[in-house]
Amino acid sequence: MLARPSTAELLAAELRREILDGDPAAGERLRERELVERYGVARHTLRAALRQLAGEGLVRIEPHRGATVAKLAPEEVRDLYELRAALELEAAHLALERHGGRLPEPVHAALAALEAACARPEPAWSEVSHAHADLHGAIVAASESPRIVAAHGALTGELLLFLLQLQPHVEAGRLAADHAALVAALEREGAVVMRGHLRESAETLGAQLG
């Protein structure tokens, strides 16, 4: 028998979607009383949902101050770039090596899903964010390295948060085009192009936060 999601899990899913759509914005306080009244849930249910989102890196909870939507500081953007570059560069190298210089079908399917999400008349950024994370995850999965996949998977929350903060500075259409160019360049030039792709987006956000 499949387990049914709890009320806290359903609430976490709704709050996650709202956060990734940019309302509430990064750094904004999540007021317990307002959320309890809006969703008609008990305070302990809300707190369980917020703890789940905190575990994903999307919410930060401070004693006596409550919860806020997480916001990456400039140094965190730099650190995230450095770690992603280490993992994704090696993952792309292994993926190309193990698949005859091409990226496997799941990567191209993930790219198509990202392009479709970005092509909607009014793209939902939560959908775009997940499609973006899924594409990078597919490239990493193609490495067939369980340890790299696990280490990269632990960054999913921060990756979603990164793209959330990048949203005001990049159009969905450009995001899709940049990733189509990335996949083509990986197959044409090799894994080295991944570093430049990650550096450009990190520098774009870092400049805004600095």
For this session: Sort out which residues of the range 146-161 are touching a helix residue (DSSP H, G or I) at 6+ places or on another chain (Cβ under 6 Å) and either open to solvent by less than 30 Å² (accessible area, probe 1.4 Å) or part of a loop (DSSP other than H, G, I, E, B) (or both), and write them in order of number.
Result: 148, 152, 159, 160
For this session: Give the residues of the range 173-210 that are in contact (Cβ under 8 Å) with a residue 24 or more places away in the chain, surrounded by fewer than 20 Cβ atoms within 10 Å (Cβ to Cβ) and either among the acidic types (Asp, Glu) or in contact with a Cys (Cβ under 8 Å, 6 or more places away or on another chain) (or both), sorted by residue number.
Result: 173, 187
Exercise. For residues in the range 19-32 being assigned to a helix (DSSP H, G or I) and either without any contact (Cβ under 8 Å) to a residue 12 or more places away in the chain or open to solvent by less than 30 Å² (accessible area, probe 1.4 Å) (or both), which is farthest from residue 64 (Cα to Cα)?
Worked result: 20
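Inside the range 81-92, can you point out the residues that are farther than 16 Å from residue 146 by Cβ and either in contact (Cβ under 8 Å) with a residue 60 or more places away in the chain or among the small types (Gly, Ala, Ser) (or both)? Before the answer, list the steps.
Here is the first cut: in the range 81-92, the ones farther than 16 Å from residue 146 by Cβ are 81-86, 89, 92.
Result: 81, 83, 84, 85, 86, 89, 92.
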For this session: Would you check which residues across the range 60-77 are surrounded by fewer than 15 Cβ atoms within 10 Å (Cβ to Cβ) and either of a type in the set (Val, Ile, Thr) or part of a helix (DSSP H, G or I) (or both) and list them?
Result: 74, 75
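Here is a check on your reading of the model: is residue 128 assigned to a helix (DSSP H, G or I) and more than 25 Å from residue 208 (Cβ to Cβ)?
No.
Here is a yes/no grid of residues against (1) open to solvent by less than 30 Å² (accessible area, probe 1.4 Å); (2) more than 24 Å from the chain's Cα centre (by Cα); (3) within 23 Å of residue 129 (Cα to Cα); (4) at pLDDT below 90:
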| position | (1), (2), (3), (4) |
| --- | --- |
| 12 | yes, no, yes, no |
| 17 | no, no, yes, yes |
| 34 | no, yes, no, no |
| 46 | yes, no, no, no |
| 54 | no, no, yes, no |
| 58 | yes, no, yes, yes |
Exercise. Of all residues in the range 106-130, which are within 10 Å of residue 175 (Cβ to Cβ), modelled with pLDDT of 95 or more and aliphatic (A, V, I, L, M)?
Worked result: 114, 117
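Answer yes if at least one residue in the range 94-105 is part of a loop (DSSP other than H, G, I, E, B), open to solvent by 80 Å² or more (accessible area, probe 1.4 Å), closer than 24 Å to residue 153 by Cα and modelled with pLDDT of 90 or more, and no otherwise.
So far as the range 94-105 goes, yes, one or more of its residues are part of a loop (DSSP other than H, G, I, E, B), open to solvent by 80 Å² or more (accessible area, probe 1.4 Å), closer than 24 Å to residue 153 by Cα and modelled with pLDDT of 90 or more.
Only one residue in 158, 90, 105, 187 is among the acidic types (Asp, Glu), over 20 Å from residue 20 (Cα atoms) and touching a Leu at 6+ places or on another chain (Cβ under 7 Å). Which one?
Numbers: 158 fails: over 20 Å from residue 20 (Cα atoms); 90 fails: touching a Leu at 6+ places or on another chain (Cβ under 7 Å); 105 fails: touching a Leu at 6+ places or on another chain (Cβ under 7 Å).
Every option except 187 fails the conditions.
The values are calculated or read from the model by the stated rules, or taken from the named source; none is laboratory data. It should be emphasised that the depicted structure is a prediction, and the values quoted were computed from it without experimental measurement. Here the Cβ is made from the backbone with ideal geometry for all residues, glycine too, and neighbour counts use every protein chain on show. When the accessible area is computed, the model is the full protein with side chains, heavy atoms only, and any ligands, DNA or RNA have been set aside. Shrake-Rupley method; radii C 1.70, N 1.55, O 1.52, S 1.80 Å.
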